[in-house]
Amino acid sequence: MRPILRDAAFTISRRLSKYSSLALIAVWLLGLQDVSLAQRAPTVAAAANLNFALTEIAKQFERDRGMRVDVVFGSSGTLTRQIRDGAPFGMFLAADEEFPNQLTSAGLTRDAGVVYAIGRLVIFAPTGSPLMVDERLDGLSRLLRAGGVTRFAIANPDVAPYGRAAEAVLRKHGLWDAIRSRLVVGDTIAQAAQFSTTGNAVGGLIAYSLVKEPGVADRGRYALIPETDHAPLRQRMVLLKRATPVVEQFYAYMQGAAARTALIRNGYQVPQ
Amino acid sequence: MDWAALRVSLWLGAGTIAILLPLGVWFGRLLAVREFKGKLLVEALVTVPIVLPPTVLGFYLLVTFGARSPLGQAFEALVGHSLPFSFQGLLFASVIANVPFVVQPIQRGFEAIPSDVRDAAASCGLTPWQRFARIELPLAWPGVLTAAVLTFAHTLGEFGVVLMVGGNLPGQTRTLSVAIYDRMQAFDDRSAGVMAATLLTISVVTLMATTALSRRVNPHRA
């Protein structure tokens, strides 16, 4: 068998030698096809504030149900844009209700989805920062007047609901105009958290769920912002048109006891 | 270490070379030996991706092939998935972004061949194909090699257009450079560090290999 195959391969390769470059390309393209069509776990898109919580829940889902989903994190606005442009996600967990509602209006979702969590905002100051954190932002206000705010991190209000909430809080306390030129704006709330926890900014307004993680909480101090200072961060999730059965299972799992407990542990409130 | 991301990066680099190199040899030689009207414009267009921000390429790709465009819908109906947010979409973007990195070194390679060498080959009775394969291509080989290496290295380093058009899908469009960004955002500095070191090593080794190879191919330049 083997020698016959080898002879055949030899004859074919000799015949092909003239067209060897074409053959090479064909082989490459077959290989490439293989890469993209390889069996993959379905992909779920999630707002960046879920970084720790959803990674934990997805792992638990895999343990409990023996099924896997891959999670891609980004800002709710960017992910919405990508879904509208055809990104192959099966489910979208947003940081607000507006972005998923846009997708529902565009006819890209199964239905209007459900609110799965309500998020909170904190003011965070890394260890060694001159910023004093308090829920009324008095410390930030004082430091700003003293000229001590070199850089202050928030997420981009245009694409990240937590950034929009941060802007509302700063406006409510009359700090927005003064602090605007000092803002470092993260693409996602995770990037804003990265800026504030690594000492690249004197502090920032970031998601509570991101500073609950021990590795992050150790890096500084924080104070919870009262929920009444901004529109509530009601986070809605939707099944998208291309949801697979595994994604449907995950959607249901997100509403179950295990996921709710994990969300609460990560600093979210969950709807009744 | 995200092995899937490394695999995507390497496939993307190899795929870009596989598609672009034959085209580059044909087109680079054409630009080197032919004079024609509008050549200046053609050469400028070939060079454009060098000066163009990757976001411009990303913008046009999404607008042209996004799910909301007629062309994008036609592609999806035909292939079953959209061109953006797929490996093929990345490959397409990468091919366009790398045109100058392939064409220019190859063009210089063919330009460096004196025209009397070409004439001598012709007067020896070699067919045009033989002249190309036995005389010109070996002489222009350092240019071809440089093109391949530049393309590979540039593809590994591509970030903006990959994030914009690819969307960070694990195993499909998450390249090593995007995975580093992704891990940084997830506070996973250790993985990001490992991957950054990997990319740095691959880049240095690739460039060292080229230098060594080009010395072997072309010893008098060493």
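The values are calculated or read from the model by the stated rules, or taken from the named source; none is laboratory data. Every value quoted in this text rests on a predicted model; they were computed, and no experiment measured them. Positions of Cβ are backbone-derived with ideal geometry, glycine not excepted, and every protein chain shown enters the neighbour counts.
Taking residues in segment B:5-29 that are among the aromatic types (F, W, Y), and partners anywhere that are in a helix (DSSP H, G or I), the pairs with Cβ atoms closer than 6 Å and at least 6 places apart or on different chains are B:W11/A:V35; B:F27/B:V103.
All conditions but one from (1) of a type outside the set (S, T, Y); (2) modelled with pLDDT under 95; (3) surrounded by fewer than 15 Cβ atoms within 10 Å (Cβ to Cβ) apply to A:Q194; the one that does not is (3). For B:A44, the requirement of being in a helix (DSSP H, G or I), away from every other protein chain (no Cβ under 14 Å) and either more than 17 Å from the chain's Cα centre (by Cα) or on the phi > 0 side of the Ramachandran plot (or both) is met.
Okay, residues lined up against (1) closer than 16 Å to A:Y208 by Cβ; (2) basic (K, R); (3) at pLDDT 95 or above:
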residue	(1), (2), (3)
A:G128	no, no, no
A:V133	yes, no, yes
A:L143	no, no, yes
A:T150	no, no, no
A:N156	no, no, yes
A:A165	yes, no, yes
A:H173	no, no, yes
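Of the helices (runs of 4 or more DSSP H) lying entirely inside segment B:107-212, those carrying at least 1 residues that are of a type in the set (D, E, K, R), surrounded by 19 or more Cβ atoms within 10 Å (Cβ to Cβ) and over 17 Å from the mean Cα position of the chain (by Cα) are B:176-185. Is there a residue in segment A:128-137 that is among the small types (G, A, S), in contact (Cβ under 8 Å) with a residue 60 or more places away in the chain and part of a loop (DSSP other than H, G, I, E, B)? Yes; the residues of segment A:128-137 include at least one that is among the small types (G, A, S), in contact (Cβ under 8 Å) with a residue 60 or more places away in the chain and part of a loop (DSSP other than H, G, I, E, B).
The set of residues in segment A:197-240 being within 13 Å of chain B (Cβ to nearest Cβ) and closer than 20 Å to A:G77 by Cβ consists of A:I206, A:A207, A:S209, A:L210, A:L240.
Checking the stated criteria, B:V8 turns out not to satisfy the condition of being more than 14 Å from every other protein chain (Cβ to nearest Cβ), aliphatic (A, V, I, L, M) and touching a helix residue (DSSP H, G or I) at 6+ places or on another chain (Cβ under 8 Å). For segment A:59-77, the candidate set comprises residues that are assigned to a helix (DSSP H, G or I) and surrounded by 24 or more Cβ atoms within 10 Å (Cβ to Cβ); within that set, the residue that is farthest from the chain's Cα centre (by Cα) is A:G77. Right, A:T55: of a type in the set (S, T, Y), part of a helix (DSSP H, G or I) and free of Cβ contacts under 8 Å to residues at least 40 places away in the same chain or not? In short, yes.
Annotation note: Cβ proximity below 7 Å between a residue of segment B:163-187 that is more than 7 Å from chain A (Cβ to nearest Cβ) and a residue that is among the basic types (K, R) (sequence gap 6+ or interchain) occurs for B:D182/B:R174. The helices (runs of 4 or more DSSP H) found wholly in segment A:145-217 and carrying at least 3 residues that are without any contact (Cβ under 8 Å) to a residue 60 or more places away in the chain and closer than 18 Å to A:G267 by Cβ occupy A:214-217. Selection over segment B:52-83 of residues that are under 19 Å from the mean Cα position of the chain (by Cα) and more than 17 Å from B:V162 (Cα to Cα) gives a count of 0. Picking from residues in segment B:76-89 that are within 9 Å of another protein chain (Cβ to nearest Cβ) and over 18 Å from A:T80 (Cα atoms), the one that is modelled with the lowest pLDDT is B:E76.
Looking at B:V95, B:V51, B:V63 in this structure, which one is under 23 Å from A:P88 (Cα atoms), more than 10 Å from chain A (Cβ to nearest Cβ) and of a type in the set (V, I, T)?
B:V95
Selection over segment A:81-99 of residues that are within 22 Å of A:Y268 (Cα to Cα) and either within 13 Å of another protein chain (Cβ to nearest Cβ) or part of a loop (DSSP other than H, G, I, E, B) (or both) gives a count of 5.
Scanning segment A:71-80 for residues that are aliphatic (A, V, I, L, M) and in contact with a Ser or Thr (Cβ under 9 Å, 6 or more places away or on another chain), which turns out farthest from the other protein chains (Cβ to nearest Cβ)? Among them, the one singled out is A:V71. Consider B:A147 carefully, then state whether it is touching a Gly at 6+ places or on another chain (Cβ under 9 Å) and either charged (D, E, K, R) or within 16 Å of B:P22 (Cβ to Cβ) (or both). Against the criterion (touching a Gly at 6+ places or on another chain (Cβ under 9 Å) and either charged (D, E, K, R) or within 16 Å of B:P22 (Cβ to Cβ) (or both)), B:A147 qualifies. The set of residues from segment A:238-272 being more than 18 Å from the chain's Cα centre (by Cα) and assigned to a loop (DSSP other than H, G, I, E, B) comprises A:K241, A:R242, A:A243, A:T244, A:Q255, A:G256, A:V270, A:P271, A:Q272.
Residues in segment A:228-263 that are in contact (Cβ under 8 Å) with a residue 40 or more places away in the chain and small (G, A, S): 5 in all.
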